[in-house]
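*Asks:* First, the structure itself, so that you have it in front of you.
The values are calculated or read from the model by the stated rules, or taken from the named source; none is laboratory data. Remember, predicted model here, so these are calculated numbers, not experimental data. Backbone-built Cβ (ideal geometry, glycine too); neighbour counts: all protein chains shown.
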Amino acid sequence: MKQHTIIDSPYGPLTLVADDGVLCGLYMTDQRHRPSEETFGMGVPPRERSRAWGTDDAPFGEAIDQLEAYFAGDLKEFTLELRLHGTAFQRSVWDELRRIPYGETRSYGQLADALGNPGASRAVGLANGRNPIGIIVPCHRVIGASGGLTGYGGGLDRKRRLLEFERGSALF
């Protein structure tokens, strides 16, 4: 069973999606490859309303806590259970993304090399663009071979801001 909730962030509203209680999606507004809202399942009230109504904020409580700590600059690595829906290759790329340290970047070619398939830069880029759990699976940390910012499903401005934030040069 899928459920979703929407939370505020310094990068605009984020839609969190869970499948049987496990986070399977984090989508930004106007995100490329964002699934249809109908696929997100039943809406769960945001944390503030959940607490006011005396209900639990599950399945999103831990994800919200970690995102809040990340945006406060207190969390460098997410430790959430994730359910990544995709092909075996996509999941291998997304697993590799999670190995990129906070504040660092890798090129598509470096990711392809790390996967043992140096000729797969383009395929890595396509899988990166289909990442269903933005920020937590840090696809924003992938840049072009020249070091320049390249496509990002959440928009290049968000990508630039996320990278600046992680490098300590952005203020909210």
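*Asks:* Any idea which residue in region 137-151 is farthest from Arg98 (Cα to Cα), counting only those that are among the aliphatic types (A, V, I, L, M) and crowded, with 21+ Cβ neighbours inside 10 Å?
*Replies:* Initial filter on region 137-151 (among the aliphatic types (A, V, I, L, M)): 137, 142-143, 145, 149.
Okay, now just the ones that are also crowded, with 21+ Cβ neighbours inside 10 Å, so 137, 142.
Working: Val137: 6, Val142: 11 Å.
In this case the residue turns out to be Val142.
*Asks:* Let me spell it out: the conditions are (1) at pLDDT 90 or above; (2) surrounded by 14 or more Cβ atoms within 10 Å (Cβ to Cβ); (3) small (Gly, Ala, Ser), and Gly154 meets all of them except one. Which number is the exception?
*Replies:* (1)
*Asks:* How about region 137-157: which of its residues are in contact (Cβ under 8 Å) with a residue 40 or more places away in the chain, among the hydrophobic types (A, V, I, L, M, F, W, C) and more than 12 Å from His33 (Cβ to Cβ)?
*Replies:* Result: Val137, Val142.
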